[in-house]
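For reference, the structure discussed in these notes is given below.
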Amino acid sequence: MNNQTAFAEAKKAQEILAEAIDKSARTNLEAVEKLLEMNKQRVSDFTETSSNPSEFVSRQSAAFKDYVDFVSSHVESLNAIGAESREQLTELSQEFAKGMDFSSFFPFSQQPTKAKAKSGAKAS
């Protein structure tokens, strides 16, 4: 493996990381926009006063459930981005390792194998 190949592999790794960061940032931005939209809708819904406490609690529970569902799906999206980039980096590192020459790290000469022939079988 030469320096040019190593540099190309490092550049690919940087591109994978940059892509993962970009996807994560875009996903987070979309999530913040959605949460702000949800908050705006909830505030407008709560301006309608209700004299019934159970209705008020019911609305709050529904809003909380919507937030939990949204945040859960957002976390799943981020996990998918992380898994995809991890898979790409793993493939890249495996290809990189296949091309490495470890002989300079381990300068041991190959030992000749000693084959001992077993002569004769036990006679019954």
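Taking region 38-61 as the search range and keeping residues that are of a type in the set (A, V, I, L, M) and surrounded by 11 or more Cβ atoms within 10 Å (Cβ to Cβ), which one is modelled with the lowest pLDDT? This residue is Val57.
Close contacts from region 24-37, counting a first residue that is surrounded by 13 or more Cβ atoms within 10 Å (Cβ to Cβ) and a second that is of a type in the set (Gly, Ala, Ser), with Cβ to Cβ under 7 Å and a gap of 6+ residues or different chains, come to Thr27/Ser77. All conditions but one from (1) at pLDDT 90 or above; (2) over 30 Å from Thr5 (Cα atoms) apply to Leu89; the one that does not is (2). For region 79-100, a residue qualifies if it is of a type in the set (A, V, I, L, M, F, W, C), part of a helix (DSSP H, G or I) and surrounded by fewer than 15 Cβ atoms within 10 Å (Cβ to Cβ), and the qualifying residues are Ala80, Ala83, Ala97.
The values are calculated or read from the model by the stated rules, or taken from the named source; none is laboratory data. If you're wondering where the values come from, they're calculated on a predicted model, not measured in any experiment. Quick reminder, even Gly has a Cβ in these numbers, built from the backbone with ideal geometry, and neighbours come from all protein chains shown.
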